[in-house]
Amino acid sequence: MVFGCDSRDVSGFKFFLFLAVVYGVMSFLAYSAIHTKFVKPLDLDAPLNRFSEARAVEHVRVLSQEIDGRQEGRPGLSEAAEYIKTQLEMIKKKAGSNMKIEIEETVVNGSFNMIFLTRSISLGYRNHTNIVMRISSANSQENDPSVLVNGHFDSPLGSPGAGDCGSCVASMLEVARLTVDSGWVPPRPIIFLFNGAEELFMLGSHGFMKTHKWHNSIGASINIEASGTGGLDLVCQSGPSSWPSQVYAQSAIYPMGNSAAQDVFPVIPGDTDYRIFSQDYGNIPGLDIIFLIGGVYYHTSYDTVDRLLPGSLQVRGENLFSILKAFCNSSELRNAHERESIESTAYGNKDERDVFFDFLTLFMVLYSRNTSMVLHRIPIIIFVAVPFFLRLPNSGLRSWFATSNDFLKGTLFHAAGVILAIIVPITFSILRLLFSTYAMNWFAHPYLAFMMFIPCSLAGLLIPRVVWSRFPLSQDATVLKTSKEDLSDEARFWGAFGYYALFTMAYLVAGLSGGFLTFMLSAAMLPAWIFYRLSIKLYGHQSIRATISYMVPLIPCLTYAVYFCGFLVIFLIEKMSMMGAVPLPYGYYVQDVVVAAIIGLVIGVCVGPLIPVCGHWLARSSVLQFLLHLSVLALALSSQFFPYSTAAPKRVIFQHTFITRDANQVVDSSYDFSVVDSNSLLFVFKHATEVAKQLNIDSQFSLETANMSQQENWLALFPVSFLFTRSLKFPARSDEILKQYKYFPHLSNYMPFTTSDDGCRKVYLNLSLGSLQEVWVAVVNITGPLSNWSFADNKLPPPETLNGGPPSYILRLSGSSPENWTFWLEANSSEHLRMDVAVLDQVLVDEAKKLKGLFPNWIDVTAYSSFISRYLF
């Protein structure tokens, strides 16, 4: 006995320490792969026939530091376009006579309907700039099948956009230079599209696909994006057809991607230009490749060049150049006319998607959907068949039924462990929040999430084994002439195997592509079990050697599970600051509960396969108590950490709202604030004391007595505004804006309305943006008997219902121009059309600038002015 522990407890703790070391090594390998630690970036004087990260970073530095703001409506966007054109012209001058390079600056205009963030919306745009470069052989033709590489050079509100998407532009410029300097003449044309309006809901790519002369020549597209500042450059979407993922798997130098991302991507707030090229307008086989680490800086003022993760651009550049070569050399590359006229077996069904995943960026495993239909059924077939082969030939039907019953009980026991592995950390997270002053303390310190939730999750996973140390067998050991220990081990193993087999089958039935992980786990468990049974004969049940012989065949699969699940946890933790706020009181718990649940699920995947055998050592009440005590200690310590920092800022939306009338009157003015995570504005004002003082917030301030900012006040950000809740408003002065602008946005008739024979009334309207200097977007909410309009080819989008009100049609207008917007609306009755107009201007008055400057540096404030007016026609 040592400190109240017997020899079995000591053995359990020794084995636990051994497991901790093993998983520590696997976690280190996974972390290195996720953060591209294994790649050495090339510097500025690297050979010209190699992609250089340092040269690409220099482009990012110019775009995000020297140019002041690349947002629509700001001068920096035109400066960025000019810089890109200059760089492309320099590349063109170096091209040989065997290469043809064409550079165009195109201005796009258009209108279309779309669903974004589950909301219906119509988009009208004008004067957005695209820069297009086409590199081809000297004898190429206009309609030759080409490969498109797309990246956007505009940036989101308030952000320098180094990662999103200066890094994309920089990669494309360096790859274009490399194409010329390497002497490689593409056998098929390559089109580099630097589009200037992605942040406004993919307008630049839409304009290209609807109006550019080369759009029908595109046979494959590669969209590069950034939802962070580097790390894994993951293939998040691929298709239509399986061809793009096959090309990627064969050619990527550092393959990064898995088909499970396509299952998850639709539920994440946001979208990319891939949607325009491969889904909505082009049906072009393509890849959507996105930086996903460093998401804490995404769409914030901290998205700067110094935040880019070293090695990330090197990986992207080398991969991109290699993939381009593969697409250009592929016999499957076809232009739009050829795709329509030729029935190609290579493309197959549009909805067919390969199953693929990379192993720590070293290599990629890929197999077809049809292959997965066979492979992913095998584990469940084995699970059903094993009792028959084990018992029926020698012991009869009753023994087979008892064995099947034990295996099903084993599955339920394992499922109970995984469920408890999720429930226990959720419970701990809720308990912590009941005694803590703020949520999400793990956000600025991600290791805290692992410290808090992994021990209690492990405890939950072990609880069934501790409670039922003796498995309730249905089989009679004396009849089978074997030991109860053997039968219990058998039931536990095949029960766990059946659990993962069932999940693999569920993925398959649901038509999802992420079942490869549970398939791998179940497949790896089979040789592990064989090795274990052979080792028992040599060393016995109580031997650590037998247990290790079970673990060794599982190590590669578990390493991948740690890599896959580790990335998932890191990605979600970083995104929790922008996933939207849920109304209190439940909203206070949401982000913590989600992270706790995900970590519990991850433990079930990464550790669960070991429990049937290794649980023999770990399922000790002393080990369970130790894990729970460790969790309590971690929870107590975590409460001392502040949830935010400059390396992980809190996001606050600050809107200076002006209610205007008659183009030159301000009826009301307010400061409106909102947040997009669990810690409410009360938390913000408690810790941002200078701001609270300026807004006259005292210690008695509460959400119940505060003035709430209603959803209609945030019309300028529709539909992103639906991520906000419990927004607040405070009175503000309006005299400064009257000095700054002579005229405000105003909607008026430019000619009398007309009435058709069927009684429809057509209203002709003129929208002036007044004297505003840096307009990002104008949003119009039309309520009433609208039957037609001049936008989107005279097609109305499905109506939206805002806060239980009448059906509305939402229109977003963007694009700088000295001319007013002119359009018509048609009403099918004499009832008035009510129109609410919100115009977002990026210029703040001095008083608002001062207020923004009072926020501490751990808060990232997206600030702008919104001019709102209402009309009846």
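The values are calculated or read from the model by the stated rules, or taken from the named source; none is laboratory data. Since the model is a prediction, treat every value here as computed from it, not as a measurement. All Cβ positions, even for glycine, are placed from backbone atoms using ideal geometry, and neighbour counts span all protein chains on display. Only protein heavy atoms, including side chains, enter the accessible area calculation; ligands, DNA and RNA are left aside. Shrake-Rupley method; radii C 1.70, N 1.55, O 1.52, S 1.80 Å.
Screening the candidates 563, 499 for the property of being within 29 Å of the chain's Cα centre (by Cα), within 16 Å of residue 611 (Cα to Cα) and at pLDDT 95 or above yields one hit, 499. In region 700-728, of all residues being assigned to a loop (DSSP other than H, G, I, E, B) and within 30 Å of residue 115 (Cβ to Cβ), the one that is modelled with the lowest pLDDT corresponds to 725.
Do we find a residue being among the small types (Gly, Ala, Ser), at pLDDT below 95 and under 19 Å from residue 775 (Cα atoms) anywhere in region 816-833? Yes, the conditions are met somewhere in region 816-833. With respect to the conditions (1) over 35 Å from the mean Cα position of the chain (by Cα); (2) surrounded by 15 or more Cβ atoms within 10 Å (Cβ to Cβ), residue 581 falls short on a single one, namely (1). Residues in region 729-765 that are among the polar types (S, T, N, Q) and not in a strand (DSSP E or B): 734, 740, 756. A Cβ distance below 6 Å, combined with a sequence gap of six or more or placement on separate chains, defines the contacts here; from region 63-79, residues that are within 10 Å of residue 160 (Cβ to Cβ) reach residues that are assigned to a loop (DSSP other than H, G, I, E, B) and β-branched (Val, Ile, Thr) in the pairs 76/67. In contact with a helix residue (DSSP H, G or I) (Cβ under 9 Å, 6 or more places away or on another chain) and over 25 Å from residue 444 (Cβ atoms), is that true of residue 644? Against the criterion (in contact with a helix residue (DSSP H, G or I) (Cβ under 9 Å, 6 or more places away or on another chain) and over 25 Å from residue 444 (Cβ atoms)), residue 644 does not qualify. The criterion of at least 2 residues that are open to solvent by 10 Å² or more (accessible area, probe 1.4 Å) is met by the following strands (runs of 3 or more DSSP E) wholly inside region 117-195: 119-137. Scanning region 424-450 for residues that are crowded, with 18+ Cβ neighbours inside 10 Å and in a helix (DSSP H, G or I) turns up 424, 425, 426, 428, 429, 432, 433, 448, 449, 450. Residue under question is residue 839, and the condition is that it be under 30 Å from residue 303 (Cα atoms), touching a residue at least 24 places away in the same chain (Cβ under 8 Å) and over 32 Å from the mean Cα position of the chain (by Cα); does it hold? Taking the combined requirement at face value, the residue does not satisfy it.
Every residue, every condition in (1) hydroxyl-bearing (Ser, Thr, Tyr); (2) within 29 Å of residue 446 (Cβ to Cβ), yes or no:
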| position | (1), (2) |
| --- | --- |
| 274 | yes, yes |
| 278 | yes, no |
| 281 | yes, no |
| 284 | no, no |
| 299 | no, yes |
| 304 | yes, yes |
| 316 | no, yes |
| 321 | no, no |
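From the list 55, 50, 8, the lone residue that is in a helix (DSSP H, G or I), surrounded by 15 or more Cβ atoms within 10 Å (Cβ to Cβ) and out of contact with any His (no Cβ under 9 Å at 6 or more places or on another chain) is 55. Please indicate, with yes or no, whether at least one residue in region 619-626 is part of a loop (DSSP other than H, G, I, E, B) and touching a helix residue (DSSP H, G or I) at 6+ places or on another chain (Cβ under 8 Å). Yes, region 619-626 contains a residue that is part of a loop (DSSP other than H, G, I, E, B) and touching a helix residue (DSSP H, G or I) at 6+ places or on another chain (Cβ under 8 Å). Among the candidates 373, 440, the residue that is aliphatic (A, V, I, L, M) and on the phi > 0 side of the Ramachandran plot is uniquely 440. Taking the numbered list (1) open to solvent by less than 20 Å² (accessible area, probe 1.4 Å); (2) in a loop (DSSP other than H, G, I, E, B); (3) polar (S, T, N, Q) in turn, residue 522 passes all entries but (2). Applying the condition of being under 30 Å from residue 607 (Cα atoms) and of a type in the set (Gly, Ala, Ser) to region 19-68 and asking which residue is farthest from the chain's Cα centre (by Cα) yields 20. Could you tell me whether region 260-268 includes any residue that is among the β-branched types (Val, Ile, Thr) and at pLDDT 95 or above? No, the conditions are met nowhere in region 260-268.
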